[in-house]
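S.K.: I'd like to ask some things about the structure below.
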Amino acid sequence: MRRSLIGRIWPNATAVVLFIGFAFPVYWMFSTAFKPTGDIITDTPVWFPTDITFDHFEKAVAADHFWTLVRNSFTVTVLSVAASLLIALLASFAMARMRFKGRRGILLTFMIAQMAPWEVMVIAIYMLVRDADMLNSLVPLTIFYMMMVLPFTILTLRGYVASVPRELEESAMVDGCTRPQAFMKVILPLLGPGLMATSLFGFITAWNEFPLVLILNKDIESQTLPLWLSQFQTAFGDDWGATMAASSLFAIPILILFIYLQRKAVSGLTDGAVKG
């Protein structure tokens with residue numbers, strides 16, 4: 001009985017320790033954003049704000065080009081995720097339902113592309129964009145962000161499409177649906193968790209991406225929030241309150257999306273990983 005009790009306690013204790021370790025930096029970031037400057041620069045850490053202030057958020061929002069960069073980040077992220085989902089839906093259906101020569105090779109290529117670090121291709125990407133005269137544009141960022149998340153999206157959705165019984169699709173076709181209609185009316189509604197998982201992954205990847213925008217977009221009007229955030233402390237000197245407020249504003253969309261999609265996203269990732 002003692003061993004059984006210990007066996008139940010240590011996994012929970014380990015989970016609590018890990019949770020505190022991961023959650024504390026997030027808590028410190030948000031709490032510092034609301035602390036008065038006196039509580040931030042003191043030699044003794046102030047674990048809980050003695051007074052709540054929104055001055056740091058006002059400084060962050062009032063920074064030059066802030067709303068332009070917010071618009072750029074949302075534009076690039078949403079377009080890249082939407083394009084990757086559209087292409088991946090068609091590709092995953094072909095990979096899961098059709099048999100053709102070279103299918104295994106294509107799947108292997110997707111896996112290799114997913115494992116390869118994009119940073120090794122930054123120089124080649126820069127030369128390609130420069131020769132196309134598209135530096136300081138959001139179009140290359142959207143295209144390359146889409147390419148970053150596309151292999152993962154295709155592989156995950158392929159497993160999810162393969163988990164849908166063929167009989168459902170065949171029954172719809174017997175009832176008079178064409179194959180595209182069967183896909184739209186039968187298979188697509190069952191792909192909800194997989195679509196949420198891949199869209200969450202794509203959103204986080206595109207929203208946080210830093211090296212490409214650093215290399216391709218030198219014009220402040222064409223940059224995104226991650227690059228602005230890395231230069232934010234320089235703009236405000238050592239104003240750590242404004243820096244933490246800017247970091248909090250940058251993290252809020254990801255936190256909201258994750259909280260909203262977390263259950264279905266986890267289901268989509270596990271189902272897509274083990275089926276097909």
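The values are calculated or read from the model by the stated rules, or taken from the named source; none is laboratory data. For clarity, every value in this text was computed on a predicted model and none was experimentally measured. Every residue, glycine as well, gets a Cβ built from its backbone with ideal geometry; the counts of neighbours run over all protein chains shown.
S.K.: Taking the condition surrounded by 20 or more Cβ atoms within 10 Å (Cβ to Cβ), closer than 23 Å to M184 by Cα and aromatic (F, W, Y), does F100 pass?
M.R.: So F100 does not fit the description; no.
S.K.: Let me ask something else about it. If you take the residues of the stretch 92-124 that are under 21 Å from the mean Cα position of the chain (by Cα) and in contact (Cβ under 8 Å) with a residue 60 or more places away in the chain, which of them is nearest to T153 (Cα to Cα)?
M.R.: Among residues in the stretch 92-124 that are under 21 Å from the mean Cα position of the chain (by Cα) and in contact (Cβ under 8 Å) with a residue 60 or more places away in the chain, the one nearest to T153 (Cα to Cα) is S92.
S.K.: Evaluate the following for F152: is it closer than 29 Å to I215 by Cα, out of contact with any strand residue (DSSP E or B) (no Cβ under 6 Å at 6 or more places or on another chain) and surrounded by 15 or more Cβ atoms within 10 Å (Cβ to Cβ)? I'd like the intermediate steps shown before the answer.
M.R.: Numbers: closer than 29 Å to I215 by Cα: yes; out of contact with any strand residue (DSSP E or B) (no Cβ under 6 Å at 6 or more places or on another chain): yes; surrounded by 15 or more Cβ atoms within 10 Å (Cβ to Cβ): yes.
Taking the combined requirement at face value, the residue satisfies it.
Rundown of residues vs (1) touching a residue at least 40 places away in the same chain (Cβ under 8 Å); (2) within 20 Å of S73 (Cα to Cα); (3) among the aromatic types (F, W, Y), yes/no style:
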residue: R158; (1), (2), (3): yes, no, no
residue: E167; (1), (2), (3): no, no, no
residue: A172; (1), (2), (3): no, no, no
residue: D175; (1), (2), (3): no, no, no
residue: G194; (1), (2), (3): yes, no, no
residue: F203; (1), (2), (3): yes, yes, yes
residue: W207; (1), (2), (3): yes, yes, yes
residue: V213; (1), (2), (3): yes, yes, no
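S.K.: Tally the residues that are closer than 15 Å to F66 by Cβ, touching a Phe, Trp or Tyr at 6+ places or on another chain (Cβ under 8 Å) and either exposed (fewer than 13 other Cβ atoms within 10 Å of the Cβ) or modelled with pLDDT under 85 (or both), restricting the search to the stretch 244-276.
M.R.: So the count comes out to 0.
S.K.: Would you check which residues across the stretch 37-52 are free of Cβ contacts under 8 Å to residues at least 40 places away in the same chain and closer than 22 Å to L249 by Cα and list them? I'd like the intermediate steps shown before the answer.
M.R.: Filtering the stretch 37-52 down to residues free of Cβ contacts under 8 Å to residues at least 40 places away in the same chain leaves 38-39, 42-52.
Result: G38, D39, V46, W47, F48, P49, T50, D51, I52.
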